[in-house]
Amino acid sequence: MSSRSHPHPTTQADRPRLSRDYFARSAVEVAREILGTKLVRLEPGRSRLSGWITEAEAYIGPEDLASHARHGHTDRNSAMWGEPGHAYVYFTYGMHWMLNLVTEVDGRPGAVLVRGMLPDEGLETIRKRRNRPDPQLTDGPAKLCQSLAIDGNLDGHDLCVPEAELYLNPGVEIPDRAVTIGPRVGLNHVPEPWLSQPWRFRVNPGFLTDLVEKESGA
DNA sequence: AGGACGATTAACT
DNA sequence: GTTAATCGTCCTG
């Protein structure tokens, strides 16, 4: 099956994917809960890449002045307004792609920005694409997209169908004591209260790496 | 038509 | 700590 040169005990065959119902909740709830789940990328005719999500932010709707939904339904943010469980992928700063997971009920534009992960499968491929030291491979939203070859082709992609090329698997449970909650980052010209809402969720550095080492029987 | 700016990153002082 | 890179999107007029 796998073309990896050495087995990795934490790499498993597909488990049940996170379902439409999973995403059909508030963005804040989903942003917290997806920590530790596994983001899986199947590249057509190529390899299978994956990693455990370590950081996410919630964008709750049109009233949230930090959200792209603040301008209403536009061509770019169209995926946000659709069915939950799809990807919203956008281009910014003239060079970077960002991955969001559409949440909330159909018609309400909630989204969760995936800001970081700990790589699992496809590490060699990711290293080639990033050409950086391991800690800096996927510790940012644009780095993660570069690593997994996520771009505009995946905008609107359905994460909850069998043929999905991008989806989530259950991963490891992250206890509250291992999560740091704070304001979202990179927001400019965003007024209060939106600027300071504690909608960024991050797994404490080291927690997942330690856990993964134990699981792989080190 | 023009301009401001961006849910970032890497390099630099 | 600061700043350049780089261009699509959305606003104003």
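The values are calculated or read from the model by the stated rules, or taken from the named source; none is laboratory data. These numbers were taken from a predicted model, which means no experiment stands behind them. Cβ atoms come from the backbone with ideal geometry, glycine included; neighbour counts cover every protein chain shown.
Can you confirm whether A:Met117 is among the aliphatic types (A, V, I, L, M), assigned to a strand (DSSP E or B) and within 16 Å of DNA strand C (Cβ to nearest atom)?
Answer is no for this residue.
Only one of A:Ile150, A:Ile60 is within 13 Å of the chain's Cα centre (by Cα) and either under 20 Å from A:Ala31 (Cβ atoms) or more than 14 Å from DNA strand B (Cβ to nearest atom) (or both); which?
Every option except A:Ile150 fails the conditions.
Do you know which residues across segment A:71-95 are within 14 Å of DNA strand C (Cβ to nearest atom) and either in contact with a Gly (Cβ under 9 Å, 6 or more places away or on another chain) or within 17 Å of A:Val30 (Cβ to Cβ) (or both)?
Correct list: A:Ser78, A:Ala79, A:Met80, A:Trp81, A:Tyr88, A:Val89, A:Tyr90, A:Phe91.
Which of the residues belonging to segment A:63-100 are polar (S, T, N, Q) and surrounded by 15 or more Cβ atoms within 10 Å (Cβ to Cβ)?
Those that are polar (S, T, N, Q) and surrounded by 15 or more Cβ atoms within 10 Å (Cβ to Cβ): A:Ser67, A:Asn77, A:Asn100.
Kindly indicate whether A:Gly140 is in contact with a helix residue (DSSP H, G or I) (Cβ under 8 Å, 6 or more places away or on another chain), of a type outside the set (D, E, K, R), within 16 Å of DNA strand C (Cβ to nearest atom) and modelled with pLDDT of 95 or more.
So A:Gly140 fails the test.
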